[in-house]
């Protein structure tokens with residue numbers, strides 16, 4: 001076996017070991033602390049909480065794809081996103097559309 005092929009095999013082995021170690025470290029990682037930090041940031045300000053939530057959620061999804069399964073705490077991040085973005089947006093939509101409909105009904109022409 002030549003020296004060059006031996007070095008190639010050693011680098012392949014080290015890459016496999018590095019990847020296995022990274023996966024093992026990611027499997028131990030959870031996002032509950034990040035979810036608590038996001039929760040606190042939403043109280044300090046909606047925009048910082050939203051930005052942090054989206055960044056952490058993106059990273060958690062990337063880590064989940066690397067290890068091939070969902071990460072712990074990602075459900076909490078999704079729940080925070082739904083409670084602080086989707087539900088208020090729906091409430092605003094219903095209130096404004098309801099006000100518009102009531103305004104249209106009150107201003108209709110009478111015959």
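The values are calculated or read from the model by the stated rules, or taken from the named source; none is laboratory data. Since the model is a prediction, treat every value here as computed from it, not as a measurement. All Cβ positions, glycine included, derive from the backbone under ideal geometry; neighbour counts span all protein chains shown.
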Starting from the range 63-80, keep only residues that are without any contact (Cβ under 8 Å) to a residue 24 or more places away in the chain, then list their pairs with residues that are outside any loop (DSSP other than H, G, I, E, B) whose Cβ atoms are within a distance under 6 Å, requiring at least 6 positions of separation or different chains.
-> 70/64
Somewhere in the range 74-97, is a residue at pLDDT 80 or above and over 29 Å from the mean Cα position of the chain (by Cα)?
-> yes
Quick check, is residue 50 touching a residue at least 12 places away in the same chain (Cβ under 8 Å), in a helix (DSSP H, G or I) and over 30 Å from residue 16 (Cα atoms)?
-> yes
